1. Can you list the strands (runs of 3 or more DSSP E) found entirely within the range A:102-207 that contain at least 1 residues being modelled with pLDDT under 80 and within 14 Å of another protein chain (Cβ to nearest Cβ)?
2. Between a first residue in the range B:142-159 that is polar (S, T, N, Q) and open to solvent by 50 Å² or more (accessible area, probe 1.4 Å) and a second residue that is at pLDDT 75 or above and not in a loop (DSSP other than H, G, I, E, B), which pairs have beta carbons less than 9 Å apart while being 6 or more apart in sequence or on different chains?
3. Given the criterion of a type in the set (Lys, Arg), away from DNA strand D (no atom under 12 Å from the Cβ) and either assigned to a strand (DSSP E or B) or at negative phi (or both), identify the matching residue among A:LYS61, A:LYS37, A:LYS16.
4. Write out, first by first residue and then by second, each pair whose Cβ atoms fall under 8 Å of each other, whose residues are 6+ apart or on separate chains, and whose first residue, in the range B:1-20, is over 30 Å from A:ARG119 (Cα atoms) while the second is of a type in the set (Ser, Thr, Tyr) and surrounded by 15 or more Cβ atoms within 10 Å (Cβ to Cβ).
5. Quick check on this structure: which one of B:LYS47, B:LYS76, B:LYS61 is at pLDDT 50 or above and at the interface with another protein chain (Cβ under 7 Å from one of its Cβ atoms)?
6. Considering only the range A:21-31, state which residues are of a type outside the set (Ser, Thr, Tyr) and either outside any helix (DSSP H, G or I) or touching a residue at least 60 places away in the same chain (Cβ under 8 Å) (or both).
7. Somewhere in the range B:20-29, is a residue away from every other protein chain (no Cβ under 11 Å), within 10 Å of DNA strand D (Cβ to nearest atom) and more than 26 Å from A:ASP130 (Cβ to Cβ)?
8. When you go through (1) in contact with a strand residue (DSSP E or B) (Cβ under 8 Å, 6 or more places away or on another chain); (2) open to solvent by 60 Å² or more (accessible area, probe 1.4 Å) one by one for B:ILE163, which number turns out not to apply?
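The values are calculated or read from the model by the stated rules, or taken from the named source; none is laboratory data. This one's a predicted model, so the numbers in the text were calculated from it and none came from an experiment. Note: ideal-geometry Cβ built from the backbone for every residue, glycine included; neighbour counts use all protein chains shown. When the accessible area is computed, the model is the full protein with side chains, heavy atoms only, and any ligands, DNA or RNA have been set aside. Shrake-Rupley method; radii C 1.70, N 1.55, O 1.52, S 1.80 Å.
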There are 2 protein chains.
Amino acid sequence: MDLTRRQKEILSFIQKEIEEKGISPSVREICGHFGLKSTSGVHRILKALERKGYLASAPGKKRSWRPTRLQGGLYKKRLSVLGQIAAGLPIDAQEEVLEELPVDSGLFGQEGCFGLYVRGDSMTGLHIKDGDIAIIRPSRDVEDGEVAAVMVEGVISEATLKIVRKKKGRVELHAANPLYEPLVFEGADAEGVKILGRLVGLIRRGI
Amino acid sequence: MDLTRRQKEILSFIQKEIEEKGISPSVREICGHFGLKSTSGVHRILKALERKGYLASAPGKKRSWRPTRLQGGLYKKRLSVLGQIAAGLPIDAQEEVLEELPVDSGLFGQEGCFGLYVRGDSMTGLHIKDGDIAIIRPSRDVEDGEVAAVMVEGVISEATLKIVRKKKGRVELHAANPLYEPLVFEGADAEGVKILGRLVGLIRRGI
DNA sequence: TATTATAGTGAACATTTGTTCACTATACAA
DNA sequence: TTGTATAGTGAACAAATGTTCACTATAATA
């Protein structure tokens, strides 16, 4: 019940194609990859792989040859989109993942980033639109003038994007839109400002 | 960006079929399941789901409609950034790849997309900044009013982002910035407008 | 030797299937 | 009202594709 060299080659080609492209190769595409000129030889090999239990197909249906065993693909670290973050919960709470984007989170400089759907028009001055996905790198603190995802205990119950301005003894949260007044926190109130992380990137889809 | 009821039904049917049977349903199988008698209506819905980023397909290939997310992340294809495209060269010329982003190009609805670095401020009205990476889906043509990467023979020697407006016998290329005058091409000149593809997404790094 | 399993070529067939075009209809908003 | 987005029907085209038949060739084995 062992596989011949050709059978192994074709089986692994099919696995690779499905992994890379998401659809199974046609018989002619398999021929092309191996420089073969006739489909019937490949078709016979597919039948052999089916008989030996490595492939399955829906007879007559296009691109239906596929492996029976799911190759346990270890996918790269993906980017989680956390829609709303309940107050007090740590960022790494996994229950809130709304979506996993097929993006290596290292794209934005460091792993461990996460995404937040942007709602509203408070950041249009920085060309961040409603519907965008803001990429946040977790951090307890940011520099003066940087954009951060923040929550304020008792005031803002979900994460919002703000420009953080630090003055002596107070913290100002500015929108990038003149229609919105800055929020100013002084003294003890400034302690309530919780910084979730710094804005490091943006993804926009469905334009 | 929301889905209609029909769109949700069809998306979830495709997900279920792939999960249960291992291959994507054909357009006619989708019709059959919902008791519809014509494929073109379903096809239009598939295109809508593609435009909204929920499905991807390999155009013309059988049974290639499949989810881009919320399902199995089998797709690892990366996104190539083509900085400048020399006039006359086909889009698929691989020599111009400036960078490979660790992003599944299916994130933006369809495989085969590529990126272009955005330079200048001509698209700030659409909140596209200098330094952004515009994600382009190759296409010979776009609908009136859509944003596209275009070249004009003898006038624009590298790809630029423009809003394409089609009138009778002429083509207008608008910037999304009142500082820039639209370019108007009439008659024979309109033939020189080469559309490289449609804007489908955006990535911003290093904020 | 004869037999068997495996591979490959070449041609052809019949379907499946994605895609498009031209209509119609409905709901909703400007 | 007009326009726009969404759905649906019906017909048709062109290409992709699985499958089969008839051949040849090579290596291993009884």
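1. Per the criteria, A:114-117, A:133-138.
2. Once the first residue is polar (S, T, N, Q) and open to solvent by 50 Å² or more (accessible area, probe 1.4 Å) and sits in the range B:142-159, its partners that are at pLDDT 75 or above and not in a loop (DSSP other than H, G, I, E, B) give B:SER157/B:MET151.
3. Going through A:LYS61, A:LYS37, A:LYS16 in turn, just one is of a type in the set (Lys, Arg), away from DNA strand D (no atom under 12 Å from the Cβ) and either assigned to a strand (DSSP E or B) or at negative phi (or both): A:LYS16.
4. If the second residue must be of a type in the set (Ser, Thr, Tyr) and surrounded by 15 or more Cβ atoms within 10 Å (Cβ to Cβ), the pairs left are B:GLU17/B:SER24; B:ILE18/B:SER24.
5. Only one candidate qualifies: B:LYS61.
6. Filtering the range A:21-31 down to residues of a type outside the set (Ser, Thr, Tyr) leaves A:21-23, A:25, A:27-31.
Passing the criteria: A:GLY22, A:ILE23, A:PRO25.
7. Yes.
8. Result: B:ILE163 fails condition (2) only.
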